[in-house]
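Structure record follows, encoded as structure tokens.
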Amino acid sequence: MIALAVRGLTKRFGDIVANDHIDLDVAQGEIHGLLGENGAGKSVLSSCIYGLYRPDSGRIFLWGKEVHITSPFDAIRLGIGMVHQHLMLVPHLSVWENIVLGREPRRGIQVDRKKVLRDIEKLFEETGFQLDLSEEIANLPVGVRQQVEILKVLFRGADILILDEPTAVLTPQEVDQLLATLRRLKAQGKTIIFISHKLKEVFALCDRVTVLRRGKKVGTLPIGEATPEILAEMMVGRRVFFEFPKERVEKGGVLLTLREVSTNPPGVPLKGISFDVRSGEILGIAGVEGNGQSELVEVLVGLRRPKGGAVLFQGKDITHSSPKERIRLGIAHVPEDRHRLGVILDFSIWENLVLGFETEPPFRKGWITLNLQAIRSFARQKIREFEITVPHENVPLRTLSGGNQQKVVVARELAFEPSLLVACQPTRGLDVAATEYLRNLLLAARRKGKAVLLISADLDEIRALSDRVLVMYEGKIVGELAPESDEYQFGLLMGGKGFDEAGVASSS
Amino acid sequence: MSLSLFQAMVRMATPILFAALGGCLCERVGVINIGLEGIMLTAAFFGVLVTYVTGVPLLGFLGGLASGVAWGYVIALLTVRFYGNQIVVGTGVNVFGLGLSAFLSQKIWGSRGASEAVQGFESIWVPYLGEQTFFVYLGFILVFALQFFLFVTPWGLRLRAVGENPQAADTAGINVFRYKTLGVVVGSAIASLGGLFLSLGHLRFFAWGMTSGRGFIGLAAMIFGKWTPVGCLLASLLFGLADALQMRLQALGILPSQVILLIPYLVTILVLSGFVGRATPPARYEPYKKE
């Protein structure tokens, strides 16, 4: 039986057609993947189904009957629930308060706590979750918050669940757990629409997949008939290469040396980190997130003072240098959270492109004024060079897609020819084409003889790009592996099993 | 602490408590009510004016309360409906309150400094608390009523949710505008009780600027009390004690009165500089725009 059918749905924003006559059929009890690049119209389509947007034309049918959904309230009443990409939770309310919000069971004028607990206990059985209901949302990791969001949707009695890029904010372990939960819900007869641009997840989870590109539907396939190559081509509109040809590059001398670096909390304390990075190589740092990678990067770029040990760059001790001095020396940083550390969303492209470099000679006129002309022409040149899709350099960065924002960061960091690039999660949250572009950029930097330190939670990315890989666990480097080593060995090290068991040599 | 000092503390804490509770309700729905001072002053004025005209303190009380409700609607309209800046609107309320009361006072009583004396509310004797007007007891009742409302009822839950993450509340099917307006209007009405206490319960006439910063001290008490009614009560009692001590010391005449008058304000500054760093407001103070 068809649970949800969409016919000829069109939605325009001004001149932009975000959804162009979309047809979609979702069968009861299936997990239906909705795949597409950023800006393909996936979120708009789901927002129309959930009543957040009103389509300009087109019809929506639920269980064979036409429905008119004008608000989320209607959608909830009809049994549609949505887990938004940016979670819709109230941080300082407890888990249970968030779950029942707006649908509170009542006894007299009080919230009926007993009934709440009973109802949520039942949902725990259905989902396999086990949460402390009185904990505040603000104290919970993202993965658990998402579980709360799923519980919230189920509490409202949803039979059809829409999940908008639910894995974008999760660690690999949390992703595995989410996928298991969704399979469990499917087994109980729930219908699930899973929005993603990650092929791996779609293959692991979905029964059928519908691909959108630039607001149009490209097609629907049973997952058995799809391959990553077919789907990627449908999404991007051209062939995509999953193999990154790594040319032989002559390695240069040691550029960066860490000697027994250790740190204090807050954060994961680093315990005696030592390694070298040479020019012309990509050194990957693999590991489950939260094992000290962020702290290591902070030490490298000068945002965290080490308790002991030394950091040497080109033979010079920079352990206590300021971030500015390090930038001058040629250390560039692509931060893991670009919104927090990389850009200012409400600044224009050109402002973001010179942030931190605004006092450099080409951008300065005399002592106190910026050379706006030079900066703007610099910005236009970078927009061309990095194929940043944007009308002109004056638009605020906020209006750009994640991929284009990241290109702005990378364009700025590479502009002054640094000799070391510290790249953290450089492709997190980016779509297939932007990911491919940025990975090629890292390889190009390596080709030019730069050193790249690549920190990523995406093991496939680390293995595809790195010359050597170090694995971090609980603030320590627990081993070094060649990128060709099999996934099982990586898994052992990342899980903290000593390298003797994994059978590899120790690093440094 | 002597019994009489305790009773003075409770009495002086009352106007601050009303301001703190009113401010607390406004902030819980995401509106900083800088205008508490002006709301209190306006209510104090209209309380006296209506009593002066009718001779019935109860009508004066209702008149003052109505002015609080009216200010609440104005603030809600400007900040919630029309996305106005909360600081600008609140400051406007304060300036307007000062000017309006001075102007009307001049017109009616021929003096912008003070009104004629009017009949006020009689005191009620309660063991330990002593002779206090009903405002004091109403304040205590309100503390527990609001604590119950905010943390045990579904409407309180929604009110808190609306302030902290309006988008989340909206997607949960809650009418964000309605709850925000409700919080601001009821909060402003509660704050106006503080002004009425001063003019009808305490002095029994209207004096220009008679709130003398208690609206702002109320905001401080709310922050110190971590945005909960019971916390507001405890913080208000501390500030009330400072006020009571100040009066006691003045009577003794050991320090210049200008120095002694500073005490409540110094306590405010000390408390806030010591504790505000650790206090995180429960709400986002920005207008909620639907897409």
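Can you tell me the orientation of helix A:402-415 relative to chain A, as the angle in degrees between its alpha-carbon axis and the longest Cα principal axis, to the nearest 10? Between helix and principal axis, roughly 10 degrees. Which residues in the stretch B:78-120 place their backbone N less than 19 Å from a point set 7 Å from the Cα of B:Val69 along the Cα-to-Cβ direction? Once the point is set 7 Å along Cα→Cβ of B:Val69, B:78 turn out to lie under 19 Å by backbone N, inside the stretch B:78-120. By the Cα gyration tensor, chain B has an equivalent ellipsoid whose semi-axes, rounded to whole angstrom, run 30, 23, 18 from largest to smallest. Scoring A:157-163, A:243-249, A:266-272, A:325-331 by mean Cβ neighbours within 10 Å over their residues and listing the highest first yields A:157-163, A:325-331, A:266-272, A:243-249. Take each peptide in B:216-227, B:123-134, B:30-41, count the other Cβ atoms within 10 Å of every residue, and average; sorted highest first, the result is B:30-41, B:216-227, B:123-134. For the stretch A:338-394, the Kirkwood radius over C-alpha pairs fed into Stokes-Einstein at 20 °C and 1.002 mPa s yields D = 180 µm² per second. By the equivalent-ellipsoid construction on the alpha carbon gyration tensor, the protein assembly as shown comes out with semi-axes of 57, 34, 26 Å, ordered largest to smallest.
Here's the picture: charge each Lys and Arg Cβ at +1 and each Asp and Glu Cβ at -1 in chain A, and of A:Asn404, A:Leu178, A:Gln381 the one pushed furthest to the positive end of that dipole is A:Gln381. Figure note: A:Glu37, A:Glu387 ranked by solvent-accessible area, largest first, 1.4 Å probe, ligands and nucleic acids not counted: A:Glu387, A:Glu37. Principal-axis analysis of the Cα atoms of chain B puts helix B:176-196 at an angle of about 0° to the longest axis.
Near A:Val83: Cβ cut-off under 13 Å, other residues only, Lys/Arg at +1 and Asp/Glu at -1. The net charge is +1. Could you tell me the calculated FRET efficiency between B:Ser123 and B:Thr54, based on Cβ-Cβ distance and R0 = 25 angstrom, to the nearest 0.05? Computed FRET efficiency for B:Ser123 and B:Thr54: 0.70.
FRET efficiency for the A:His392 to A:Leu372 pair, using the beta carbon distance and R₀ = 22 Å, is estimated at 0.95. Using every pair of distinct Cα positions in the stretch A:13-138, the Kirkwood expression returns a hydrodynamic radius of 17.4 angstrom.
Against chain B, whose longest principal axis is taken from its Cα atoms, helix B:36-54 shows a tilt of about 60°. Distance between the 7 Å Cα→Cβ label points at B:Gln167 and A:Lys246: 3.9 nm.
With θ set to phi - 60° and the Karplus curve 6.51 cos²θ - 1.76 cosθ + 1.60, what are the ³J(HN,Hα) couplings of the stretch B:141-147 in order, to the nearest whole Hz, using x for Gly and Pro? Per-residue couplings from phi come out as 4, 4, 3, 6, 5, 5, 4 Hz.
Each peptide in A:102-109, A:486-493, B:88-95 was scored by the mean count of other Cβ atoms within 10 Å over its residues; highest first, the order is B:88-95, A:486-493, A:102-109.
For the stretch A:27-34, 3J(HN,Hα) computed residue by residue from phi via the Karplus equation (6.51, -1.76, 1.60; θ = phi - 60°) reads 7, 5, x, 9, 9, 9, x, 10 Hz, glycine and proline entered as x.
In a fully extended conformation the segment linking A:Lys324 and A:Ser134 would gain 64.0 nm over its present Cα-Cα distance, using 0.36 nm per residue. Approximating the spin labels as points 7 Å out from Cα along Cα→Cβ, the A:Ala482-to-B:Val259 distance works out to 8.3 nm.
Tell me, in nm to one decimal, what length is gained between A:Lys307 and A:Arg340 on full extension, where the rule is 0.36 nm per residue of separation less the Cα-Cα distance? If you can, show how the numbers build up before the last one.
Working: separation 33, 0.36 × 33 = 11.88 nm, distance 2.50 nm.
The span from A:Lys307 to A:Arg340 would gain 9.4 nm if fully extended.
Which of the three applies to the stretch A:305-363, rounded, prolate or oblate, going by the alpha-carbon gyration tensor with a ≥ b ≥ c and a/c under 1.5 meaning rounded? Oblate, because a/c is 1.5 or more while a/b does not exceed b/c.
Heavy-atom accessible surface of chain B, averaged per residue, reaches 41 Å², computed with a 1.4 Å probe.
Per residue, the average separation of C-alpha pairs within less than 8 Å and at least 6 apart gives chain A a relative contact order of 15 percent. Here the stretch A:206-295 yields Rg over Rh of 1.21, to two decimals, using C-alpha coordinates and the Kirkwood radius. Computed from point charges on the beta carbon alone (+1 for Lys and Arg, -1 for Asp and Glu), the dipole magnitude for the protein assembly as shown about its Cα centre is near 1600 Debye.
Evaluated at q = 0.07, 0.08, 0.12 Å⁻¹, the base-10 log of the normalised Debye intensity for the stretch A:2-236, with identical point scatterers placed on the Cα atoms, takes the values -0.23, -0.30, -0.66. GNM on chain B, alpha-carbon springs under 10 angstrom: the most fluctuating residue among B:Arg112, B:Arg214, B:Arg11 is B:Arg112. Counting only residues at least eight positions apart within a chain, or on another chain, the aspartates and glutamates with an alpha carbon under 18 Å from that of A:Lys271 are A:Glu260, A:Glu289, A:Glu295, A:Glu298, A:Glu474, A:Glu480.
Built from the Cα atoms of the stretch A:378-508, the convex hull projects on average onto 9.2 nm², one quarter of its surface area.
The values are calculated or read from the model by the stated rules, or taken from the named source; none is laboratory data. Every value quoted in this text rests on a predicted model; they were computed, and no experiment measured them. Virtual Cβ from ideal backbone geometry, glycine too; neighbours counted across all protein chains shown. Accessible surface areas use protein heavy atoms only, side chains included; no ligands, DNA or RNA. Shrake-Rupley method; radii C 1.70, N 1.55, O 1.52, S 1.80 Å.
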